[in-house]
């Protein structure tokens with residue numbers, strides 16, 4: 001342990017880290033909002049954002065302004081919040097399952113949430129973002145419950161957990177297709193890609209606020225169990241012998257994960273692999289202890305999904321790719337790399 | 001590890017751990033794994049749990065640790081039912097070192113040892129100077145000072161065992177429960193770890209496979225056989241050629257030289 005650094009340096013470091021990450025987040029968000037077709041210059045982007053944030057700048061023409069403020073800004077922010085939520089879920093699931101490959105998409109939770117959301121849409125049960133999120137939550141919990149039921153009470157090996165998750169994910173993806181194609185109208189059927197692959201194209205301010213609130217509360221809840229998650233490194237029995245309330249911590253972790261995944265999926269569909277790529281990259285930077293890994297992964301997830309979505313909507317412009325395509329193209333090699341590393345050990 | 005330097009941390013008073021009528025069953029097995037086992041490990045002694053595979057040693061250790069609930073039966077610390085203590089106080093009193101503790105998480109040695117401070121810290125509180133001192137002391141006891149920044153993945157099996165021992169010592173417990181801690185250790189480190197345990201002054205309960213090590217380092221032994229206590233008492237009273245024949249199925253010479261007991265296994269009973 002290096003305890004040589006002075007007290008003021010110890011205090012200064014987290015402050016510097018916080019200010020630094022805030023600047024990076026702001027810069028990436030600005031780049032994401034400013035990038036794209038329509039010949040909107042960087043200064044016009046800055047003017048539009050500035051005007052809406054109450055700065056004394058001349059407002060833009062309404063049309064250009066609405067592209068920046070009504071389409072791109074919520075899209076970038078939703079990408080940030082969804083990315084933060086999904087990356088955090090990956091960290092937590094990896095800790096409680098003690099499995100480096102666990103994340104909401106690979107465990108089928110995202111697919112279950114999609115099915116739930118689609119059912120709410122098609123049956124017209126309630127309306128609006130909240131009931132959609134409620135349906136997604138029910139579906140996500142159903143998928144999660146099914147995975148746990150199939151695994152049984154024994155502590156499952158890594159491979160079995162992921163295989164079970166993939167199979168359950170396939171089941172719910174099929175159910176989503178069935179509901180949309182069998183009972184939905186043509187409009188709903190066009191949403192198939194959205195619910196199965198995930199896309200940020202439909203981002204608007206209300207879903208940004210809903211996601212931001214839920215992810216924010218989740219991060220605070222997870223901060224409370226961060227040191228407990230560290231203790232899971234050597235299994236539940238060792239964690240219990242260290243005074244960790246294992247059942248309660250598991251419950252907080254799993255419920256938080258299910259709620260965050262559900263709300264994110266109800267806003268952007270099932271975007272995969274964020275919870276796999278980001279925590280692994282971030283661990284290499286800040287180490288495996290959760291009081292640093294959780295906030296750092298949230299920031300990393302936000303940056304990653306903002307960049308991935310910017311690539312998705314500009315790479316083949318004027319065509320737009322769903323963000324989930326980009327994350328999957330990056331995620332599959334990452335998955336194979338992690339699997340390979342585990343097997344070598 | 002230098003035997004003799006080990007001493008219980010300030011303010012730690014060894015306590016007696018005991019169990020009465022401990023019975024543990026698992027579904028699908030008619031015979032209980034533990035069948036009405038009575039058990040006492042006196043304060044400050046090293047008590048060895050020995051017995052053939054499947055005799056219930058690890059289950060008894062987990063029952064003492066509180067991670068397996070006996071039905072019926074009760075575990076007591078100095079006469080007080082263990083289960084009545086708050087969770088964190090239990091973790092400050094009894095530390096457990098599991099067999100084959102492994103992790104996918106690539107923690108640094110310092111991080112693993114610091115886990116032992118969790119029951120002493122507030123949930124959100126960072127590690128303080130007391131925690132750092134306890135960790136440093138524990139690492140020193142197992143002879144791993146200077147390895148703080150090494151990663152779990154780079155450690156040998158024996159080093160991992162010693163890091164886990166340091167983690168358990170960093171808990172500053174009154175009772176230390178260990179499940180075959182000498183697994184993976186080379187001969188030198190087996191002896192170093194056990195002589196360290198013997199000099200801590202803590203109440204130690206240790207599952208051992210190696211009868212020679214049990215004879216050498218345990219003050220008392222409990223012999224388990226098919227889920228029951230076959231014999232319990234001072235090592236030289238318990239570890240007899242007769243016990244070795246009936247419980248372990250081996251012919252053995254047991255001899256006493258000065259203060260130490262020697263066990264030499266000659267062959268299986270059938271030979």
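The values are calculated or read from the model by the stated rules, or taken from the named source; none is laboratory data. Quick caveat: nothing in here was measured; it's all calculated off a predicted structure. With ideal geometry, Cβ positions are generated from the backbone for all residues, glycine too; neighbour counts draw on all protein chains shown.
Which residue is nearest to residue A:14 (Cα to Cα), if the candidates are limited to the range A:275-289 and must be more than 9 Å from chain B (Cβ to nearest Cβ) and crowded, with 24+ Cβ neighbours inside 10 Å?
Of the range A:275-289, the ones more than 9 Å from chain B (Cβ to nearest Cβ) are A:275-282, A:284-286.
Those still in the list that are crowded, with 24+ Cβ neighbours inside 10 Å too: A:275-279, A:282.
Numbers: A:275: 24, A:276: 26, A:277: 24, A:278: 21, A:279: 20, A:282: 16 Å.
Selected residue: A:282.
Just the residues that are surrounded by fewer than 17 Cβ atoms within 10 Å (Cβ to Cβ) and either in contact with a strand residue (DSSP E or B) (Cβ under 6 Å, 6 or more places away or on another chain) or part of a helix (DSSP H, G or I) (or both), please, taken from the range B:152-169.
B:153, B:154, B:157
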Q | Filtered residue count, the range B:170-188, keeping only those that are outside any loop (DSSP other than H, G, I, E, B) and either more than 13 Å from every other protein chain (Cβ to nearest Cβ) or over 15 Å from residue B:118 (Cα atoms) (or both) | A | 7
**Q.** Subset of the range B:50-73 [more than 14 Å from chain A (Cβ to nearest Cβ) and more than 28 Å from residue B:239 (Cβ to Cβ)]
**A.** B:71, B:72
Q. Hey, among the residues in the range B:121-148 that are farther than 18 Å from residue A:229 by Cβ and at the interface with chain A (Cβ under 9 Å from one of its Cβ atoms), which one's farthest from the chain's Cα centre (by Cα)?
A. B:129
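Quick test for you: out of B:236, B:209, B:191, pick the one residue that is over 20 Å from residue B:116 (Cβ atoms) and in a loop (DSSP other than H, G, I, E, B). Let's see the steps before the verdict.
Numbers: B:236 fails: in a loop (DSSP other than H, G, I, E, B); B:191 fails: in a loop (DSSP other than H, G, I, E, B).
On inspection, the qualifying residue turns out to be B:209.
Can you tell me which residue is modelled with the lowest pLDDT among those in the range A:123-137 that are surrounded by fewer than 16 Cβ atoms within 10 Å (Cβ to Cβ) and either assigned to a helix (DSSP H, G or I) or at negative phi (or both)? First the steps, then the outcome.
Start the filter on the range A:123-137 by keeping residues that are surrounded by fewer than 16 Cβ atoms within 10 Å (Cβ to Cβ), which leaves A:123-128, A:130.
If we keep only those that are either assigned to a helix (DSSP H, G or I) or at negative phi (or both) as well, we get A:123, A:125, A:127-128, A:130.
Details: A:123: 81, A:125: 72, A:127: 63, A:128: 69, A:130: 71.
Among those that are surrounded by fewer than 16 Cβ atoms within 10 Å (Cβ to Cβ) and either assigned to a helix (DSSP H, G or I) or at negative phi (or both), it is A:127.
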Q. When you scan the range A:188-265 for helices (runs of 4 or more DSSP H) that lie fully inside it, which ones turn up with 2 or more residues that are more than 14 Å from chain B (Cβ to nearest Cβ)?
A. A:192-197, A:205-224
Q: Report whether or not residue B:113 is within 22 Å of residue A:244 (Cα to Cα), more than 9 Å from chain A (Cβ to nearest Cβ) and crowded, with 23+ Cβ neighbours inside 10 Å.
A: yes
Q: Take residue A:298 and decide whether it is in a helix (DSSP H, G or I) and modelled with pLDDT of 90 or more.
A: yes
(Q) Just to check your reading of the model, which residue among B:107, B:118 is facing chain A (nearest Cβ under 9 Å), in contact (Cβ under 8 Å) with a residue 12 or more places away in the chain and under 21 Å from residue B:14 (Cα atoms)? (A) B:118
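What do you reckon, is residue A:328 touching a helix residue (DSSP H, G or I) at 6+ places or on another chain (Cβ under 8 Å) and touching a residue at least 24 places away in the same chain (Cβ under 8 Å)?
On the way: touching a helix residue (DSSP H, G or I) at 6+ places or on another chain (Cβ under 8 Å): yes; touching a residue at least 24 places away in the same chain (Cβ under 8 Å): yes.
The answer is yes for residue A:328.
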Q: Identify all residues within the range B:20-48 that are crowded, with 17+ Cβ neighbours inside 10 Å and at positive phi; write none if there are none.
A: B:44
Q. Within the range A:48-60, can you find the residues that are out of contact with any helix residue (DSSP H, G or I) (no Cβ under 8 Å at 6 or more places or on another chain) and more than 17 Å from residue A:76 (Cα to Cα)?
A. A:54, A:55, A:56
(Q) Cβ-Cβ distance below 8 Å, separation of 6 or more or different chains: which pairs start in the range B:49-60 with a residue that is at negative phi and crowded, with 24+ Cβ neighbours inside 10 Å and end on one that is assigned to a helix (DSSP H, G or I) and at pLDDT 90 or above? (A) B:49/B:57; B:49/B:60; B:49/B:61; B:50/B:57; B:50/B:214
Q | One residue from A:100, A:95, A:113 being away from every other protein chain (no Cβ under 14 Å) and more than 15 Å from residue A:327 (Cβ to Cβ) | A | A:113
Q | Close pairs (6 angstrom Cβ cut-off, 6 or more residues apart or separate chains): outside any helix (DSSP H, G or I) in the range A:1-29, modelled with pLDDT under 75 and surrounded by 10 or more Cβ atoms within 10 Å (Cβ to Cβ) anywhere | A | none
Q. If residue A:120 satisfies every condition in (1) touching a residue at least 24 places away in the same chain (Cβ under 8 Å); (2) in a helix (DSSP H, G or I); (3) farther than 11 Å from residue A:169 by Cβ but one, which is the exception?
A. (1)
**Q.** Tally, over the range B:84-103, of residues that are over 16 Å from the mean Cα position of the chain (by Cα), surrounded by fewer than 16 Cβ atoms within 10 Å (Cβ to Cβ) and either at positive phi or at pLDDT below 85 (or both)
**A.** 1
Q) Which of the residues belonging to the range B:133-151 are assigned to a helix (DSSP H, G or I) and crowded, with 16+ Cβ neighbours inside 10 Å? A) B:134, B:135, B:136, B:137, B:138, B:139, B:140, B:141
